Amino acid sequence: GWCPLSPAGAQTPQVLLEPPWTPAVLWDRVTLTCRGSGTRGATTWYKDGQRWWQEGPDPLLVTESGTYQCERPGTGLSAPVHVMDDWLVLQVPVRVLVEGDTVTLRCRA
């Protein structure tokens, strides 16, 4: 995918999921928070690659499935977060996993 470059030292923003399980599902009342440097109010949200909400609310309550990203002035786009509308989902905690980790999986319907 296309990845904008950030200025030196600037931290790419990160989308925080609540509840913190991935993949996220609509029926969980998922909220997204954009964490990063720059002005808190100046968050631009993207949905499925299209600019979707300028200076949008934070946290953002997701009402449609899709791929979400946030942007802060001068720091580029966050990594994509996927919110699904599936009725059956196998979820893992939102964190970096390495081989050998013990992980709780959730099968939810």
Scanning region 46-57 for residues that are over 17 Å from residue 16 (Cβ atoms) and open to solvent by 70 Å² or more (accessible area, probe 1.4 Å), which turns out modelled with the highest pLDDT? 48
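Out of all the residues in region 77-100, which are over 14 Å from the mean Cα position of the chain (by Cα) and open to solvent by less than 80 Å² (accessible area, probe 1.4 Å)? Talk me through it step by step, then tell me what you get.
Taking region 77-100 and keeping what is over 14 Å from the mean Cα position of the chain (by Cα), we get 85-92, 96-100.
86, 89, 91, 92, 97, 100 - these are the residues of region 77-100 that are over 14 Å from the mean Cα position of the chain (by Cα) and open to solvent by less than 80 Å² (accessible area, probe 1.4 Å).
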Among residues of region 25-42 being in contact with a Phe, Trp or Tyr (Cβ under 8 Å, 6 or more places away or on another chain) and not in a helix (DSSP H, G or I), the residue modelled with the highest pLDDT is 32
Can you tell me which residues in region 58-100 are farther than 17 Å from residue 22 by Cβ and either charged (D, E, K, R) or not in a loop (DSSP other than H, G, I, E, B) (or both)? 58, 61, 64, 71, 72, 76, 77, 99
Name every residue in region 66-76 that is polar (S, T, N, Q), within 18 Å of residue 26 (Cβ to Cβ) and crowded, with 18+ Cβ neighbours inside 10 Å, in order of residue number. 69
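The values are calculated or read from the model by the stated rules, or taken from the named source; none is laboratory data. Just so you know, these numbers come straight off a predicted model, no measurement behind them. All Cβ positions, glycine included, derive from the backbone under ideal geometry; neighbour counts span all protein chains shown. The area values use the complete protein model at the heavy-atom level, side chains included, leaving out ligands, DNA and RNA. Shrake-Rupley method; radii C 1.70, N 1.55, O 1.52, S 1.80 Å.
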